[in-house]
Amino acid sequence: MTQIELRGVQKYFGAVQVIKDLNLKIDDNEFIVLLGQSGCGKTTTLRAIAGLETIDGGDVLIDGKPVQHLKAADRDIAMVFQSFSLYPHMSVYENIAFPLRATRKSKAEIDSEVRSVAKTLQISDLLARKPSALSGGDMQRVAIGRALVRRPKAMLMDEPIGALDAKLREEMRAEIKRLHIKQGSTTIYVTHDQIEAMSLADRIVIMHEGVLQQVGSPDEVYSRPANLFVAQFVGSPVMNVADVAVAEKASSASVTVGGAATGFEFPRALLSKLNGHASDKLALGIRPEGVIVRREATEGFLPVEAQIVEPLGSFDIVDLKVGSTMLRARTRSGFVSGPGVKVFARIDPAQAHFFDTASGKSLGVRL
Ligand SMILES: Nc1ncnc2c1ncn2[C@@H]1O[C@H](COP(=O)(O)OP(=O)(O)O)[C@@H](O)[C@H]1O
Ligand SMILES: [Mg+2]
């Protein structure tokens, strides 16, 4: 049972504040992913939890007890880094056994625990090898094994597979997930890769410039982004965002994108939900799958021109010129034959998001 809590954590490097009033509660057994661009403070946050970095304000609590005054060794937290930090002169066996050598465990106990961890990680046949004779993926398996073997209260992983090639990353991602399901330990995993975050996390914590932007399940951060930063950080290709003007029509609302001649049709309910929000500070967000494309003129669809067609294998991304802006739509492969083709588009109101352009905050409007 391990819960971790950050309460109002502040961290400065010199005059620069790199963690700004961070509050976060992590449940026992939870797999939390800290997601954000390079330099946003992810590693510093992990190091502060592990006790490798001091904090300048707030509390780090483990199972309800403040630990910010405890040394790293007294916090019982294991950390796995991106660089494979194995002892080069030791065998895989000795690398994994190392954290247990300092304990009072017998040789037989240590042997049984090393072999059990090796079996879980499917590296039993590598125990006699030196790290230099291992692939990158196997080196990282050993590093994870060394962290797991002492059954820490929590596992912190800092971009543990970031240095591997794409295919191996995918494989290791699935393995880390399987391991977590099997071993069940409170895990905080750092990455700048949103796909990795979506696939691993129980909850994702999105950070930007030291400030927590949103905490939620992968589905929540994808379908209900709290602000423009999250909206455009999660999802690939990114969500379309355009300044819009909303006007009242006879039986509907009209949403004009990029100053186009005609607006997209929305249910009238939009007007009351926007509650008179100043139109000059209103942005529409729509993911490519929320832009619906037809080849024939259809009621409620606007005529638009395809500018670029990007075939991505199982689907295409088509850039559509709407007024002075470009909306990217996701279509079936080959649905729009090429640039210059005239098609008809509609925005699915149920998938539309509205943001305040000044604060960047979502207005929480759902239709
Ligand atoms: N030891 C340090 N001294 C000074 N600045 C640091 C130090 N470590 C990190 N920083 C700065 O703090 C910010 C956050 O860094 P970091 O936590 O490593 O970000 P991330 O892991 O998200 O890439 C960055 O601007 C980085 O340059
Ligand atoms: Mg980092």
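All but one of (1) under 15 Å from residue 85 (Cα atoms); (2) in contact (Cβ under 8 Å) with a residue 60 or more places away in the chain hold for residue 142, so report the exception by its number.
Residue 142 satisfies every listed condition except (2).
Of all residues in region 30-52 being more than 13 Å from ligand 1 (Cβ to nearest atom) and closer than 18 Å to residue 197 by Cβ, which is surrounded by the most Cβ atoms within 10 Å (Cβ to Cβ)?
32
Among the residues of region 82-102, is any under 19 Å from the mean Cα position of the chain (by Cα), assigned by TED's automatic domain parsing to the domain that holds residue 205 and surrounded by fewer than 19 Cβ atoms within 10 Å (Cβ to Cβ)?
yes
Among the residues of region 38-76, what is the count of those that are in a loop (DSSP other than H, G, I, E, B), touching a helix residue (DSSP H, G or I) at 6+ places or on another chain (Cβ under 6 Å) and within 16 Å of ligand 2 (Cβ to nearest atom)?
Number satisfying all stated conditions: 2.
Matching residues to (1) free of Cβ contacts under 8 Å to residues at least 40 places away in the same chain; (2) over 19 Å from residue 187 (Cβ atoms):
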position	(1), (2)
66	yes, yes
75	no, no
83	no, yes
106	yes, yes
110	yes, yes
114	yes, yes
117	yes, no
124	yes, yes
132	no, yes
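Give 152, 160 a once-over and let me know the one that is within 16 Å of ligand 1 (Cβ to nearest atom), in contact (Cβ under 8 Å) with a residue 60 or more places away in the chain and in a loop (DSSP other than H, G, I, E, B).
From the options 152, 160, the qualifying one is 160.
Can you find a residue in region 153-169 that is assigned by TED's automatic domain parsing to the domain that holds residue 67, β-branched (Val, Ile, Thr) and either out of contact with any helix residue (DSSP H, G or I) (no Cβ under 7 Å at 6 or more places or on another chain) or within 16 Å of ligand 2 (Cβ to nearest atom) (or both)?
Initial filter on region 153-169 (assigned by TED's automatic domain parsing to the domain that holds residue 67): 153-169.
Narrowing the set further to residues that are β-branched (Val, Ile, Thr) leaves 161.
With either out of contact with any helix residue (DSSP H, G or I) (no Cβ under 7 Å at 6 or more places or on another chain) or within 16 Å of ligand 2 (Cβ to nearest atom) (or both) added as a condition, the list becomes 161.
Yes, there is a match, as at least one residue in region 153-169 is assigned by TED's automatic domain parsing to the domain that holds residue 67, β-branched (Val, Ile, Thr) and either out of contact with any helix residue (DSSP H, G or I) (no Cβ under 7 Å at 6 or more places or on another chain) or within 16 Å of ligand 2 (Cβ to nearest atom) (or both).
The values are calculated or read from the model by the stated rules, or taken from the named source; none is laboratory data. A quick note: this is a predicted structure, and the numbers were derived from the prediction, not measured. Please note: Cβ atoms are built from the backbone with ideal geometry, for glycine as well, and neighbour counts cover all protein chains shown.
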